[in-house]
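The values are calculated or read from the model by the stated rules, or taken from the named source; none is laboratory data. These figures come from a predicted structure and were not determined experimentally. With ideal geometry, Cβ positions are generated from the backbone for all residues, glycine too; neighbour counts draw on all protein chains shown. Only protein heavy atoms, including side chains, enter the accessible area calculation; ligands, DNA and RNA are left aside. Shrake-Rupley method; radii C 1.70, N 1.55, O 1.52, S 1.80 Å.
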Amino acid sequence: MITITYLDAAKQEKVVSFESYDEFERSQQACLIGIADYYKVTKLTYNGHDLDYSGTYGDIFFFLLKQDLTQYDH
């Protein structure tokens, strides 16, 4: 599961979750999520593990592509 905590345009903390990396990838490719790419991410977790990520929502996809996520699989 991927959980993303971010700040919206009003600086309100919001959380969005995806059941799998594939679900997250599909949402990115289809542009189904109404979250602006420039929103600041405050926390990113994968299968309950905090990932050391600081950046924008739009860059998460590229960050995850570079990670060995198999180390976090249960």
Q: Quick one: how many lysine pairs does the chain have with C-alpha atoms less than 16 Å apart and a gap of 8 or more or different chains? Give me the count, please.
A: 4
Q) Simple spin-label model, 7 Å along Cα-to-Cβ: Glu19 to Met1 in nm? A) 1.2 nm
Q | For the chain, accessible area per residue (1.4 Å probe, heavy atoms of protein chains only), Å² | A | 64 Å²
Q: Name the residues whose placed amide hydrogens come within less than 5 Å of the amide hydrogen of Tyr39, ignoring near sequence neighbours (fewer than 5 apart) on the same chain.
A: Tyr57, Gly58
Q. Taking the structure as given and computing volume of the Cα convex hull per residue in Å³, which label from (i) 80; (ii) 99; (iii) 239 fits?
A. (i)
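Give the relative contact order (percent, whole number) for the stretch 20-74; include only Cα pairs under 8 Å separated by 6+ residues.
It comes to 31 percent, rounded to a whole number.
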Q: Would you kindly state how much longer the chain becomes between Thr70 and Asp37 on full extension, computed as 0.36 nm times their sequence separation minus their alpha carbon distance, in nm to one decimal?
A: 9.3 nm
Q: Mind telling me which of Tyr46, Tyr57, Tyr38 comes out most flexible in a GNM of the chain, alpha-carbon contacts under 10 Å?
A: Tyr38
